[in-house]
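One structure is given here, and the rest of the page talks about it.
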Amino acid sequence: MSRNSSPEVLAELAAVSVAERIEHKLVYLQRLLDGDADPPDTWSKFPRSLTAYARLHNPSLRLYRVASPNDFSTESVDHGVKVAQIQEALGKINDKYPKKPPTPKATKVGEKLAVSRSKELEAEAQIDDILKQMHRAEHELDQERIATAGLRLQLSISRDALAQERLYGSRNPKTKLRLVK
């Protein structure tokens, strides 16, 4: 059987029929699901398949291994119904106590992408607003430069006219000081 099979364990195994072993395994699973039995220390080491559960051996819980794969099969003529119930109970335990944490669902990933996309759109809108403000400021500066250039031109013309008037006096009617508007 196994390397640590003592004569007492062998005698105990011989005293318990295969049908009783399967029945004890089924009752234990049902009690686990109902919360009537103490759960294992770690669910990660709990057998998750029919094959692993057939090998489970814990005499303190009255759970004995079923050595023959033909006996512990859903297609067994003698024990198939009970084994099918065990398989169903194992499936419920696997759902209730998963071995690995559940992977994120597509909706969670989609939600993260949607949030990421909305943040990206907000950032693009802020960039557009900043660019519009910058273009507005550049346009205002250009208008001020044009106005300043016009005032400089008027000032230059006025200085030239004043210099000519001083030079020739008021004798020349064409050179009278005129302000350009």
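The values are calculated or read from the model by the stated rules, or taken from the named source; none is laboratory data. What you see is a predicted model; the values in this text were computed from it and never measured. Note: ideal-geometry Cβ built from the backbone for every residue, glycine included; neighbour counts use all protein chains shown.
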Exercise for review: Would you point out which residue out of Asp71, Asp128 is of a type in the set (Asp, Glu) and either surrounded by 11 or more Cβ atoms within 10 Å (Cβ to Cβ) or at pLDDT below 80 (or both)?
Suggested key: Asp71
Exercise for review: Among the candidates Lys100, Lys176, Lys119, single out the residue that is loosely packed, with under 10 Cβ neighbours inside 10 Å and either at pLDDT below 90 or farther than 30 Å from Ser49 by Cα (or both).
Suggested key: Lys100
Study note, to complete from the structure: Within region 1-44, residues surrounded by fewer than 13 Cβ atoms within 10 Å (Cβ to Cβ), over 24 Å from Asp71 (Cα atoms) and modelled with pLDDT under 80 come out as Asp38, Pro39, Asp41, Thr42, Ser44
Revision key, fill the gap. Considering region 30-89, residues that are hydrophobic (A, V, I, L, M, F, W, C), within 16 Å of Ala19 (Cβ to Cβ) and part of a loop (DSSP other than H, G, I, E, B), and then whichever is nearest to the chain's Cα centre (by Cα), we arrive at Phe72
